Amino acid sequence: MKTIYNFVFLIIIALFSPAIAQAYEWESSELLDRLLSISGPGLPVVHGDYIIFTADSNLRRVGVAFAYEGFGNVHWFRQLLVSQDRLFAPIAPGQKTPEPFKDSGIQFHVHKIPAHLRELEYRLVINGLWTVDPFNENTRMCPVSGLNLSVLRMPLRQTRPNPLNGLPDGLHFLFRGPPGEIVTIAGNFNGWDPFMYELKEGPAGVYNITIPLPPGTYQYVFFNRGQRFVDPHNPRRIYARDGSAASEIVVP
């Protein structure tokens, strides 16, 4: 039932809110599942790189504006509709067919958190009036406007090294797997030797290595338990005649 429920719900989200449809591309089903788990309006919920704002669906119109945008852009909330799930609910003869979706009781806005922010200052617009968040007790006065702002501290987020971004001392590669493993990397930069470069683990299950490479085009794979793995962080692939794949990167 959950698969059918989420599929139908995603169609409604895409129709009513292009913003959440875009967020869904970034976070796969995790962000959608987190949104579905919210039972009522409350304190903003941080999920990965996103924050979910909620309000009562009975309010006429709700929006949020942020200090880092100079409060110049109001992000309006969208109504959250959920499936009635009538697949196993028989309808008696003469009974009116119910609507397929119902009001969840909340309206919402999903916002991507800028990476540099350690706290988020914001104000709400509820039914045409500026106000602080009624669910957030953490407020402060803006020294410029003299108005109170709601403040939400951001949790520390782990940065994920991206092999497409070169570092001053080389390229940083990352592999995720079970903890306590031996993970190596091989490529045309070391004659495809699977033993030369071993990644270091830290934190548990996350393996890293930085390799100094001059400008050029490089192909590489990871080795773990005797198996080859392409880099999931790098969408660029090449394929050999036998069908095996390798990741490819260009160092400018």
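The values are calculated or read from the model by the stated rules, or taken from the named source; none is laboratory data. Note that the structure is predicted; figures quoted are calculated from it, not measured. Note: ideal-geometry Cβ built from the backbone for every residue, glycine included; neighbour counts use all protein chains shown. Heavy atoms of the whole protein, side chains included, go into the accessibility calculation; ligands, DNA and RNA do not. Shrake-Rupley method; radii C 1.70, N 1.55, O 1.52, S 1.80 Å.
Here is the figure for segment 102-118: residues that are open to solvent by 60 Å² or more (accessible area, probe 1.4 Å) and either in contact (Cβ under 8 Å) with a residue 40 or more places away in the chain or not in a loop (DSSP other than H, G, I, E, B) (or both) total 4.
For segment 119-145, enumerate the residues that are outside any loop (DSSP other than H, G, I, E, B) and in contact with an Asp or Glu (Cβ under 9 Å, 6 or more places away or on another chain). Let's see the steps before the verdict.
Start the filter on segment 119-145 by keeping residues that are outside any loop (DSSP other than H, G, I, E, B), which leaves 119-126, 129-131, 139-141.
Across segment 119-145, the qualifying residues are Tyr122, Arg123, Leu124, Thr139, Arg140.
Within segment 29-43, restricting attention to residues that are touching a strand residue (DSSP E or B) at 6+ places or on another chain (Cβ under 7 Å), surrounded by fewer than 19 Cβ atoms within 10 Å (Cβ to Cβ) and not charged (D, E, K, R), which residue is nearest to Asn148 (Cα to Cα)? Break it down into steps so the answer makes sense when it comes.
Initial filter on segment 29-43 (touching a strand residue (DSSP E or B) at 6+ places or on another chain (Cβ under 7 Å)): 31, 34-35, 38, 40-42.
From what's left, surrounded by fewer than 19 Cβ atoms within 10 Å (Cβ to Cβ): 34, 38, 40, 42.
So of that shortlist, the ones also not charged (D, E, K, R) come out as 38, 40, 42.
Details: Ile38: 27, Gly40: 25, Gly42: 19 Å.
Ranking the candidates gives Gly42 first.
With respect to Leu149, is the statement that it is within 19 Å of Ser37 (Cβ to Cβ) and either assigned to a strand (DSSP E or B) or at pLDDT below 85 (or both) true? Against the criterion (within 19 Å of Ser37 (Cβ to Cβ) and either assigned to a strand (DSSP E or B) or at pLDDT below 85 (or both)), Leu149 does not qualify.
Of the strands (runs of 3 or more DSSP E) entirely within segment 177-251, those holding at least 2 residues that are of a type in the set (Gly, Ala, Ser) occupy 183-187, 245-251. Scanning segment 46-64 for residues that are surrounded by 19 or more Cβ atoms within 10 Å (Cβ to Cβ) and within 22 Å of the chain's Cα centre (by Cα) yields Tyr50, Ile51, Ile52, Phe53, Thr54, Ala55, Val64.
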